[in-house]
1. Could you list all residues from region 140-151 that are touching a Gly at 6+ places or on another chain (Cβ under 9 Å) and in contact (Cβ under 8 Å) with a residue 40 or more places away in the chain?
2. Exactly one of these conditions fails for Lys7: (1) closer than 22 Å to Asp187 by Cα; (2) touching a residue at least 40 places away in the same chain (Cβ under 8 Å); (3) surrounded by fewer than 20 Cβ atoms within 10 Å (Cβ to Cβ). Give me its number.
3. Which of the residues belonging to region 119-147 are of a type in the set (D, E, K, R) and surrounded by 22 or more Cβ atoms within 10 Å (Cβ to Cβ)?
4. Mind listing whichever residues of region 255-300 are within 27 Å of the chain's Cα centre (by Cα), part of a helix (DSSP H, G or I) and free of Cβ contacts under 8 Å to residues at least 40 places away in the same chain?
5. For region 72-188, list the helices (runs of 4 or more DSSP H) that sit wholly inside it and hold at least 3 residues that are under 23 Å from Leu17 (Cα atoms) and under 15 Å from the mean Cα position of the chain (by Cα); which are they?
6. Please pick out the residue among Thr226, Thr237 that is more than 19 Å from the chain's Cα centre (by Cα), among the polar types (S, T, N, Q), assigned to a helix (DSSP H, G or I) and over 30 Å from Gly98 (Cβ atoms).
7. Does any residue of region 256-271 turn out to be of a type in the set (Asp, Glu), surrounded by fewer than 20 Cβ atoms within 10 Å (Cβ to Cβ) and at pLDDT below 90?
8. Among the residues of region 200-217, write down those that are surrounded by fewer than 20 Cβ atoms within 10 Å (Cβ to Cβ) and over 14 Å from the mean Cα position of the chain (by Cα).
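The values are calculated or read from the model by the stated rules, or taken from the named source; none is laboratory data. These numbers come from a predicted model, not from an experiment. With ideal geometry, Cβ positions are generated from the backbone for all residues, glycine too; neighbour counts draw on all protein chains shown.
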Amino acid sequence: MASGSKKAIIAAMLANLGIAIAKFVGYAVTRSSSMLAEAIHSVADTSNQALLLLGSKQAAQKATREHPFGFGRERYFWSFIVALVLFTFGGLFAIYEGWHKLGNTSHEIANPQWAVGILVFGIILEGGSFRTAVNESRPLKGSASWWSFIRHSRTPELPVVLLEDLGALMGLFLALAGVSVSAMTGDSRWDAGATISIGVLLVIIAAVLVFEMKSLLIGESARRPTREKILAAIEGTDAVTQVIHMRTQHLGPDELLVGAKIQLEPSLDAAGVAAGINQAETAVREVVPIATLIYLEPDIVDPNHPDLVDDEPGAEGSPSSR
């Protein structure tokens, strides 16, 4: 895992742990349903960051006979689990709690000043965590929009932390609004409504993460700039006359599988073919170090062959892109 991703995860985990403790104290004093929902949310987020660190550790295992391509996708799997935890323990619990309190009109918030103070404290901590995630994501995001970064990043941890922190901040503001209005009006339904809103927000964020992590688990290609570098490196090799077609797939954020059919100089003997392929593989690894597995097959161009395409079907940036 890149150091930036790890730094963002640890910052988020420490912030959420401190916030969770404060929120449970606040709930014990105020009996606010939105405070309880936020406390459970922070516990879920803390657990999620631990799962992301676990995924990073599992992904670092060496390849085995049973898993010859390694364990890089462990990071995608545990990020998928994180999304499910956020959906169930965060979103669904908050919606249930809010709905339950909505029907209990006798429920009143005690000591609302405690709730307000704890929520403001949480906003400060969560804001610091969110700022760290944003700063660590900027180098990978580049000139792309934040939505594009979340949708197309092959590194799962930073988008997960970004969305979790954003959801946590928005949830804290919703809880603060619900508690404040309930205290001013004496109507606890505002607190219950804020709790339901927090749950809906978390369910939406979790759904986005589930969709993205599912796509990464199935297998996504390298992004267009990376594919262009690989094509240029192969075609820039003296022995190669043309790349007939190419496929790439991320085995993990830092591991890329490259497979291509290439046409070589017809005058080459067997030793020349082997040397040309080795030279092309070396050239690819020089420009794309994460290309850990490369399979190049010599072939002859057939204009009518269905595999003769200029890009990977459905890859990000192509006409059939999702």
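1. Leu140
2. The single condition Lys7 does not satisfy is (1).
3. Within region 119-147, Glu126, Glu136 qualify.
4. Arg285
5. 74-85, 112-141, 157-185
6. Thr226
7. For region 256-271, residues of a type in the set (Asp, Glu), surrounded by fewer than 20 Cβ atoms within 10 Å (Cβ to Cβ) and at pLDDT below 90: absent.
8. Val200, Val203, Ile204 - these are the residues of region 200-217 that are surrounded by fewer than 20 Cβ atoms within 10 Å (Cβ to Cβ) and over 14 Å from the mean Cα position of the chain (by Cα).
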